[in-house]
1. Run down Val84, Val46 and say which single residue is of a type in the set (A, V, I, L, M, F, W, C), farther than 30 Å from Val5 by Cβ and either open to solvent by 40 Å² or more (accessible area, probe 1.4 Å) or part of a helix (DSSP H, G or I) (or both).
2. Within segment 15-43, track down each residue that is surrounded by 14 or more Cβ atoms within 10 Å (Cβ to Cβ), in contact with a Ser or Thr (Cβ under 9 Å, 6 or more places away or on another chain) and either at pLDDT 95 or above or in a loop (DSSP other than H, G, I, E, B) (or both).
3. What do you reckon, is Gly8 among the small types (Gly, Ala, Ser), surrounded by 10 or more Cβ atoms within 10 Å (Cβ to Cβ) and at pLDDT below 95?
4. Those residues that are closer than 23 Å to Ile33 by Cβ and either among the hydroxyl-bearing types (Ser, Thr, Tyr) or touching a residue at least 24 places away in the same chain (Cβ under 8 Å) (or both), I need them from segment 50-71; list them, please.
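The values are calculated or read from the model by the stated rules, or taken from the named source; none is laboratory data. Since this is a predicted model, take the numbers as computed values, not measurements. Cβ atoms come from the backbone with ideal geometry, glycine included; neighbour counts cover every protein chain shown. With ligands, DNA and RNA removed, areas are computed over all heavy atoms of the protein, side chains included. Shrake-Rupley method; radii C 1.70, N 1.55, O 1.52, S 1.80 Å.
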Amino acid sequence: MSTTVVTGIGVVAPTGLGAERYWSRTLRGRSAIGRISRLRTNPYPVRVAGEVLDYAPEEHVPSRLLPQTDRMTQFALTAADWAVRDA
């Protein structure tokens with residue numbers, strides 16, 4: 001038997017940063033799908049996606065970690081920090 005306990009929520013998503021903004025936009029049916037802007041799409045058949053555009057890693061991740069981490073890791077560190085604070 002396994003048990004799952006949710007103690008806090010942290011969200012970094014195309015529809016919003018933070019659980020409150022994300023949930024508000026989700027309930028209103030706000031889409032975050034748009035033309036891809038963070039990379040060249042020429043070699044790929046897909047031109048649209050949900051991108052996290054309003055995220056500034058330097059506002060959320062310690063400066064010493066910025067050169068050592070990729071964007072997904074920065075998202076994860078930010079979401080984990082917010083989840084711990086929310087717990």
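1. Just a single option satisfies the conditions, and that option is Val46.
2. Hits for segment 15-43 are Thr15, Leu17, Ala32.
3. When the stated conditions are applied, Gly8 passes them.
4. Hits for segment 50-71 are Gly50, Glu51, Val52, Leu53, Asp54, Tyr55.
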